[in-house]
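The values are calculated or read from the model by the stated rules, or taken from the named source; none is laboratory data. Model, not experiment: these values are computed from the prediction. These accessible areas exclude ligands, DNA and RNA; they are computed on the full protein's heavy atoms, side chains included. Shrake-Rupley method; radii C 1.70, N 1.55, O 1.52, S 1.80 Å.
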Amino acid sequence: MTLHEEQVREKLRLVYDPELGVNIVDLGLVYDIRVDDDQIHVRMTMTTPGCPMHDMLVGGVKRVLRDIAEKREIAVDVVWEPRWSPDNMSPAAKEQLGFID
């Protein structure tokens with residue numbers, strides 16, 4: 001099966017930040033997705049350095065991607081540059097969290 005970035009992105013919408021109740025894609029936490037023959041690579045951040053949900057979110061990413069990964073390794077890199085800001089959120093996430101009136 002040929003796996004595409006958009007398929008990975010849709011699966012990542014199943015991973016929710018439990019404190020905010022919004023998925024990590026709409027929060028703007030996912031910076032890059034790369035699908036290779038042997039690896040799915042996700043580059044993402046957290047809303048704050050030292051985020052207590054770090055392990056839970058990374059584990060969630062790996063969990064939801066397992067069923068489409070086939071024999072690919074799942075690599076998740078958490079980065080701090082560029083820093084996350086509310087500007088990264090989708091309009092729907094901004095509305096849900098009260099950033100849009």
- A 1.4 Å probe over the protein heavy atoms gives the chain a carbon and sulfur accessible-area percentage of 48
- Message: I'd like to check one number: the per residue accessible area of the chain, probe 1.4 Å, reported in Å² as a whole number.
- Response: 58
- Entry for volume of the Cα convex hull per residue in Å³ (calculated from the structure that is shown) out of [x] 98; [y] 124; [z] 89: [z]
- Length-normalised contact order of the chain in % [C-alpha pairs under 8 Å, at least 6 apart]: 30
